[in-house]
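The values are calculated or read from the model by the stated rules, or taken from the named source; none is laboratory data. Here the structure is a predicted model, which is why all the values come from computation and not from measurement. Here the Cβ positions follow ideal geometry from the backbone for every residue, glycine too, while neighbour counts run over all protein chains shown. Keep in mind that these areas ignore ligands, DNA and RNA; they rest on the heavy atoms of the full protein, side chains included. Shrake-Rupley method; radii C 1.70, N 1.55, O 1.52, S 1.80 Å.
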2 protein chains.
Amino acid sequence: MEKNSTLISIQAAQALVLKYSSVTSVIVEMDLCNALDYVLAINVISEIDMPPFRQAAMDGYAFSISSAITYTVVAEIKAGDNANPILKEGEAVRIFTGAPVPTTANAVIMQEKVAIQGHKMTVQMPLVVEMNIRPKGSQIKRGAMALAKGTKIKGAHIGFLASIGITKVSVYAKPSIAIVVTGNELKAAGTPLEYGEIYESNGTMLSAVLQELGYLKTSIITVADDYDQTKTTLKEAIQVHDIVLVTGGVSVGDYDFVGKALKAIGVKEIFYKVKQKPGKPLFFGKMGSVSIFGLPGNPAAALSCFYIYVYPLLKKGEGATNTQLLSIFMPITSDYDVKGDRAQFLKAQIEEDGVQILEGQSSAFAGSFGAANALVFIPEHTPKIKKGERVKTILLPIK
Amino acid sequence: MEKNSTLISIQAAQALVLKYSSVTSVIVEMDLCNALDYVLAINVISEIDMPPFRQAAMDGYAFSISSAITYTVVAEIKAGDNANPILKEGEAVRIFTGAPVPTTANAVIMQEKVAIQGHKMTVQMPLVVEMNIRPKGSQIKRGAMALAKGTKIKGAHIGFLASIGITKVSVYAKPSIAIVVTGNELKAAGTPLEYGEIYESNGTMLSAVLQELGYLKTSIITVADDYDQTKTTLKEAIQVHDIVLVTGGVSVGDYDFVGKALKAIGVKEIFYKVKQKPGKPLFFGKMGSVSIFGLPGNPAAALSCFYIYVYPLLKKGEGATNTQLLSIFMPITSDYDVKGDRAQFLKAQIEEDGVQILEGQSSAFAGSFGAANALVFIPEHTPKIKKGERVKTILLPIK
């Protein structure tokens, strides 16, 4: 990382991250019930019609429509019954939701729309062929694609795949991620601070944020501000992980060894410094297939950079079709004076009728990130935003 | 569940769910790093000032402002140094971001804004008292509240709490949840279907959706359409869980035993049937402190009811301040003809400029729920919505 690297734009930096990342080649077959948050690596094809038979959509009576309005009830079919009685003209069966409709019936009438007297059922509404019958294969046909490669598997997907009898899926492996935390000033929690020290929190935070997104294979590695130690630690971290996130040490101070160490061990700089606030001193590099981010030491800046640059890398790497956080345009709830000229990401809170930019935008302060459920993007050279103007609002993960 | 229960409104049903649910009395102390997704049960008070000392916000030089513009650099302070040199008039120290600023200094100047000649440093910009110094306690003061009871703990919160040295937090216990799946027609995945059978999927789906939200203490219990067995199973489930979700069996068919069984074992009906689509035959009852939901058997209807009614119960029970999913008003991206008169929840996809109502709204079909990232609420008696009209859009959990 040289002092005079040229600042690149956010768009260019995001494009470079995607250009230099690739989908993992490791595909794992796993039980459907464990596949939540993984990305499907092979299309799932349905091996059955769903529903597998013509299914009653109502509790009522099934029969073949004739000119008569009164039918004789000759049998009963419940959900789960393996029964397909042959109905003669004028005959009906009592039937319940989910039960198979006899092949010889072409209508199901709701029980609320008939009059019953003994075994006689009289219809009290106009009839339509195939009414209240879910056709075989109407949700999905045998041989059709149930879920496409690249889909991130959600709870509803698991329900749908279970309904067509799927028990195993092939998904992309998740990356193993090292979080390298640098700085002599950092003390582990649980011990008293000496003058000049602060508690380590970036590693803990990034690990928790990764866990929130479903990435559990993370290790936190701490290293003092020492050139040789930094070099050795980074080299080892790169050898055994897919992604290395370094926090701190990417500024230009004489004691920021990270840049020099990365160069010395052969990491190729893709970009260093982005025209943005916060997170100007962001570094991205590659060594073989391993991606290395140098995130700012300030926690709020590190977290913004995580969502804007690391998140898409993670998504691309695990084969997801969507690599960005969802963003929407929302009106801002009060006037906002923009400080500085650089493009900015501001911590914000979405409300029912608009988005409010939060107090406490300092990069050093992770506290207000907790209250944020969105980041508002302000393009460069925007002096002021008026209440009601629509701004690009990036939704943070919500549960 | 009697046939003639009066339908109540969505608002009334939601209010009853909250009225009849209470915050758990079980409070657990746990390691901060395991507390993700739990709700804080006791305010966290900071035991330190953060930062704990006056902290340099830049790499540069610290000194006491005088009439001179040239200062002699007498020492160096890095982040983590336990050093507080006494500076005389005209003296400066080289200082790095995060390092403690000497008590005798009242300004830090960026290294880019000075000229250096040997040990002499000449300032090249106007000086302001306390510039580039983060005051002690400026993020949070010792004794101040760092995080309020009722906050659901996110990754950013964990980062912030770690930064003030917190290692343990007291949180509300999560409920244990039984999912009781009813229906003779249900077959376990992995075995071939007989005519009339379908694969069990509601239990798998609800368990996955709960897992997505961070609820891991769930058990799936299946029961055939048999009155005595249903009664015994429900009784046992209620005895050992905090929440029981029953799917299917809440309709009025002669073989839906759930209603009768719940009544027989002493579950108090709070409401049964809601004026809504999907999910009309929704049941909510209480037995002691245990909440029992009878969800519709149709998977998409069950899932809608889960987000609208069960989610708030879960949040209230675990002590969260926010009990509802986030909802916003968004313009609809194309005209929509509303079917029927009941208030509706429609599966929808949020895009950058509006919300699109998805195809495939059938209650029986969980598939389109996978593509949805929101539910659009349509009030009752809405015949048509025009493109561009703003509709209430409930955001589903996103990662």
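Here are some residues: B:Gly354, B:Gly319, B:Gly340. Which one is small (Gly, Ala, Ser), farther than 20 Å from A:Lys399 by Cβ and crowded, with 17+ Cβ neighbours inside 10 Å? One residue alone meets the criteria, B:Gly354.
Might you check whether a residue that is under 21 Å from B:Ile198 (Cα atoms), surrounded by 12 or more Cβ atoms within 10 Å (Cβ to Cβ) and among the aliphatic types (A, V, I, L, M) occurs anywhere in segment A:108-123? Spell out how you get there, then give the answer.
Taking segment A:108-123 first, the residues under 21 Å from B:Ile198 (Cα atoms) are A:108.
Filter once more, so that each one left must be surrounded by 12 or more Cβ atoms within 10 Å (Cβ to Cβ): A:108.
Then drop every residue that is not among the aliphatic types (A, V, I, L, M), which leaves A:108.
There is at least one residue in segment A:108-123 that is under 21 Å from B:Ile198 (Cα atoms), surrounded by 12 or more Cβ atoms within 10 Å (Cβ to Cβ) and among the aliphatic types (A, V, I, L, M).
The condition of being within 20 Å of A:Ile350 (Cα to Cα), more than 12 Å from chain A (Cβ to nearest Cβ) and in contact (Cβ under 8 Å) with a residue 40 or more places away in the chain holds for only one of B:Ala343, B:Ala348, that being B:Ala348.
Scanning segment A:70-95 for residues that are open to solvent by 10 Å² or more (accessible area, probe 1.4 Å), over 17 Å from A:Pro52 (Cβ atoms) and in contact with a strand residue (DSSP E or B) (Cβ under 7 Å, 6 or more places away or on another chain) yields a count of 11.
Only one of A:Ala374, A:Ala364 is buried (at least 17 other Cβ atoms within 10 Å of the Cβ) and free of Cβ contacts under 8 Å to residues at least 60 places away in the same chain; which? Steps first, please.
Details: A:Ala364 fails: free of Cβ contacts under 8 Å to residues at least 60 places away in the same chain.
That would be A:Ala374, the only listed residue that is buried (at least 17 other Cβ atoms within 10 Å of the Cβ) and free of Cβ contacts under 8 Å to residues at least 60 places away in the same chain.
Can you pull out every residue in segment A:292-333 that is polar (S, T, N, Q) and touching a strand residue (DSSP E or B) at 6+ places or on another chain (Cβ under 7 Å)? So that I can check it myself, show each step before the final result.
Within segment A:292-333, the first condition is being polar (S, T, N, Q), and the residues that meet it are A:298, A:304, A:321-324, A:327, A:333.
If the condition is that a residue be polar (S, T, N, Q) and touching a strand residue (DSSP E or B) at 6+ places or on another chain (Cβ under 7 Å), then A:Ser304, A:Ser327, A:Thr333 are the ones that fit.
Screening A:Val290, A:Val310, A:Val267 for residues that are within 26 Å of the chain's Cα centre (by Cα) and crowded, with 21+ Cβ neighbours inside 10 Å leaves exactly one candidate, A:Val310.
Specify the residue that is surrounded by the fewest Cβ atoms within 10 Å (Cβ to Cβ); the eligible residues are those in segment B:152-209 that are of a type in the set (Phe, Trp, Tyr) and over 19 Å from B:Ala35 (Cβ atoms). Out of the qualifying residues, it is B:Tyr195. Of all residues in segment A:43-94, those satisfying the criterion of being more than 8 Å from chain B (Cβ to nearest Cβ), part of a loop (DSSP other than H, G, I, E, B) and among the β-branched types (Val, Ile, Thr) are A:Ile65, A:Ile69, A:Ile86.
Looking only at segment A:1-51, residues that are of a type in the set (A, V, I, L, M), under 24 Å from A:Glu380 (Cα atoms) and surrounded by fewer than 18 Cβ atoms within 10 Å (Cβ to Cβ) come to 5 in all. Give the residue that is most open to solvent (accessible area, probe 1.4 Å), with candidates limited to residues of segment B:210-228 that are within 14 Å of chain A (Cβ to nearest Cβ) and over 19 Å from the mean Cα position of the chain (by Cα). Result: B:Thr222.
Considered as a group, the residues in segment A:161-192 that are in contact (Cβ under 8 Å) with a residue 12 or more places away in the chain, more than 30 Å from B:Ala189 (Cβ to Cβ) and of a type outside the set (A, V, I, L, M, F, W, C) include one that is farthest from the other protein chains (Cβ to nearest Cβ), and that residue is A:Ser176.
In segment A:117-160, what count of residues is obtained for those that are hydroxyl-bearing (Ser, Thr, Tyr) and either within 12 Å of another protein chain (Cβ to nearest Cβ) or under 19 Å from B:Glu212 (Cβ atoms) (or both)? I'd like the intermediate steps shown before the answer.
Taking segment A:117-160 first, the residues hydroxyl-bearing (Ser, Thr, Tyr) are A:122, A:138, A:151.
Narrowing the set further to residues that are either within 12 Å of another protein chain (Cβ to nearest Cβ) or under 19 Å from B:Glu212 (Cβ atoms) (or both) leaves A:138, A:151.
So the count comes out to 2.
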